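Please read the structure below before turning to the comments.
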Amino acid sequence: MTESQLEAAFDAVGYSILYEKLKYKIWVAFNWKEDDVDILERFLSAYAFEEDEEIHCNEFLFHYKIYKNIVEKNHWN
């Protein structure tokens, strides 16, 4: 996934503000090039992120990696 696809995934589910807060950190901290944008969009749709609650990059990536692992292990692709 490219950086523009990453941004589009956040935009598609209404998390543009969250992306703006985390964009540089999550792009640098994780190898998104090998990930499927569909899994990210489903993760963002399944989780509720509140605008007024602070979320850190590591916390976001922790939840995403768990979600991704569940999807892949159960062949929900």
Identify all residues within region 13-31 that are over 12 Å from F49 (Cα atoms), β-branched (V, I, T) and surrounded by 15 or more Cβ atoms within 10 Å (Cβ to Cβ); write none if there are none.
I26
Which of the residues belonging to region 24-56 are more than 17 Å from Y67 (Cα to Cα) and acidic (D, E)?
E50, E51, D52, E53, E54
What are the pairs, 6+ residues apart or on separate chains, where a residue within region 10-29 that is in contact (Cβ under 8 Å) with a residue 24 or more places away in the chain has its Cβ under 7 Å from a residue that is surrounded by 15 or more Cβ atoms within 10 Å (Cβ to Cβ) and of a type in the set (A, V, I, L, M)?
F10/L18; F10/L44; V13/L44; Y15/L44; I26/L61; W27/L6; A29/L61
Pull up region 34-77, narrow it to residues that are exposed (fewer than 11 other Cβ atoms within 10 Å of the Cβ) and closer than 18 Å to Q5 by Cβ, then point me to the one that is farthest from the chain's Cα centre (by Cα).
N77
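A short reminder: the numbers here are calculations on the coordinates, not readings from a lab. Every value quoted in this text rests on a predicted model; they were computed, and no experiment measured them. For neighbour counting, all protein chains shown are included, and Cβ atoms are generated from backbone atoms with ideal geometry for every residue, glycine included.
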